[in-house]
Amino acid sequence: MKRLLVVGGGLIGIRHVHAVKQNPNCTLVGLADPDTSIEIDAKRFVSMDDVNEEVDGVIIATPTHLHATHGVSAASRGWHMLIEKPVAESLEEAETLKNAVSNAGIHTLVGHHRRYHQTLQRLKSHIEQGAIGKVVNVSLIWAMRKPDSYFEGNWRTSGGSPVMINLVHDIDVLRFAIGEISEVVALRGASVRGANRIESGAVAIAFDNGATGTISFADTTPSPWGFEAGIGENPNIGTTHQDMMWITGTEGAISFPSLNLWNGRDWGTAAQKEQLPKPVQKRTPLEAQLDHFLEVIDGAPPLIDVSDAARTLAVATTIEAALKEQVTHIQARA
């Protein structure tokens, strides 16, 4: 029975708390968070420093700028860790964390939990098996309108860029399903909410395998297109079951998450649609990730460790830096 500590009591941290409590193969040591008003049926600690219990693994779900600091601290105590995405705020911090866990002999897993969606794993398998031939391009949309309350009285008002909060997930999906990303070019959209904060934009992508792609994103527009809405994985986001990613290849095309496969000869013949079977998700991605973390503690190869996650972070920070340089004063007109 693995003893797990959760650090950080925000939205994702509390979901981790519930997952640990419901898993028969681990027990919750407690929750470490300075906000003592958070009420859960478990032992409370103000910080990791206050934990005097025996811990096998820690789930770090604190704000991004604290990931590396908390990860290094956990490594110093010999705790294997599942650390939320993005793995750190900067590549320098990710490198510091990578060295700390390596020197301490710590096993790591990073919370890019979309990799545990069986439909995404099936998509990756179809592509690898040549269902659409050689991948040529991919188009991805993430477009949601975050409620005003999301930005009230917190750091997100000026620093809540959807690139590091949301798009980092989609970048990891592309790396996982399509291949390593070699180059990105980004354009920033106009401000709608009136703050000097990145809200929307477009990204052009080049992959090592020769494919290209685009990402269109916005956190100011209600739409049915986004991973969470399409797959129905987040209880805080409405489900639409609409596709949000379209991949074309030399032999056909496939959309996600529907797994509609299109095959045809050339433009003189209408492409024919085939509905590929979709797997049944018996465990939620967060539950499957926790199952895997328990295996990683025992030495199983991680699906994504600190080094792998740092490559996703490198793409996201490159996009973020490019967009920050493009200061936009254009306000949406009523």
Fill in the blank from the handout: A student asked for the Cα radius of gyration and Dmax of region 215-334 in angstrom ought to give 19.4, 57
Exercise for the section: Enumerate the amide H contacts of Gly133 below 5 Å, restricted to partners 5 or more residues apart or on another chain; note that Pro and chain-start residues carry no placed amide H. Expected result: Glu251
Practice task
Would you list, by chain and number, the lysines whose Cα falls below 27 Å from the Cα of Lys146, excluding same-chain residues fewer than 8 positions away?
Solution key: Lys85, Lys324
Handout entry: Volume per residue of the C-alpha convex hull in region 186-272, rounded to whole Å³
Key = 146
Fill in the blank from the handout: With every protein chain kept in place and a 1.4 Å probe, the chain has an accessible area per residue in Å² of 46
Handout entry: Mean separation of Cα contacts under 8 Å, 6 or more apart, over the residue count of the chain: relative contact order %
Key = 19
Practice task
For region 207-212, just list the computed ³J(HN,Hα) in residue order, Karplus coefficients 6.51, -1.76 and 1.60, θ = phi - 60°, integers in Hz, with x standing in for Gly and Pro.
Solution key: 9, 4, 7, x, 6, 10
Completion exercise
By accessible area (1.4 Å), largest first, Tyr150, Tyr116 order as Tyr150, Tyr116
Practice task
Using a 1.4 Å probe and counting only protein heavy atoms, arrange Arg114, Arg44, Arg145 so the residue with the most accessible area comes first.
Solution key: Arg145, Arg44, Arg114
Fill in the blank from the handout: Longest principal axis of the chain (C-alpha) makes with the long axis of helix 306-325 (C-alpha) an angle, in degrees to the nearest 10, of 70
Practice task
Could you name the lysines whose alpha carbon sits less than 20 Å from that of Lys278, not counting residues in the same chain fewer than 8 places away?
Solution key: Lys124
Fill in the blank from the handout: Using alpha carbon positions and the Kirkwood radius, the Rg to Rh ratio of region 238-277 is 1.04
Completion exercise
With x for Gly and Pro, the residue-by-residue ³J(HN,Hα) of region 278-291, computed from phi through the Karplus equation 6.51 cos²θ - 1.76 cosθ + 1.60 at θ = phi - 60° and given in whole Hz, is 9, x, 8, 7, 6, 10, 4, x, 5, 5, 5, 5, 5, 4
Fill in the blank from the handout: Of the accessible area of the chain, computed with a 1.4 Å probe and all protein chains kept, carbon and sulfur make up a percent value of 52
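As an exercise, use a Förster radius of 22 Å and the Cβ-Cβ distance of Arg145 and Gln242 to find the FRET efficiency, rounded to the nearest 0.05.
So the FRET efficiency works out to roughly 0.90.
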Problem - Karplus 3J(HN,Hα) series, Hz, for region 161-176 with 6.51 cos²θ - 1.76 cosθ + 1.60 (x for Gly, Pro) - result: 5, x, 5, 7, 8, 10, 5, 4, 5, 5, 4, 5, 4, 5, 4, 5
Problem - Whole-number D in µm² s⁻¹ for the chain, Kirkwood Cα-pair radius fed into Stokes-Einstein, 37 °C, 0.692 mPa s - result: 156
Problem - Three-way shape call for region 109-149 based on the alpha-carbon gyration tensor, with the a/c threshold at 1.5 - result: oblate
Exercise for the section: Return one number: the angle in degrees, 0 to 90 and rounded to the nearest 10, between the long axis of the Cα atoms of helix 67-76 and the longest principal axis of the Cα atoms of the chain. Expected result: 50
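The values are calculated or read from the model by the stated rules, or taken from the named source; none is laboratory data. Everything quoted here is computed from the prediction, not taken from an experiment. Virtual Cβ from ideal backbone geometry, glycine too; neighbours counted across all protein chains shown. In case anyone asks, the SASA skips ligands and DNA or RNA and just uses the protein heavy atoms, side chains included. Shrake-Rupley method; radii C 1.70, N 1.55, O 1.52, S 1.80 Å.
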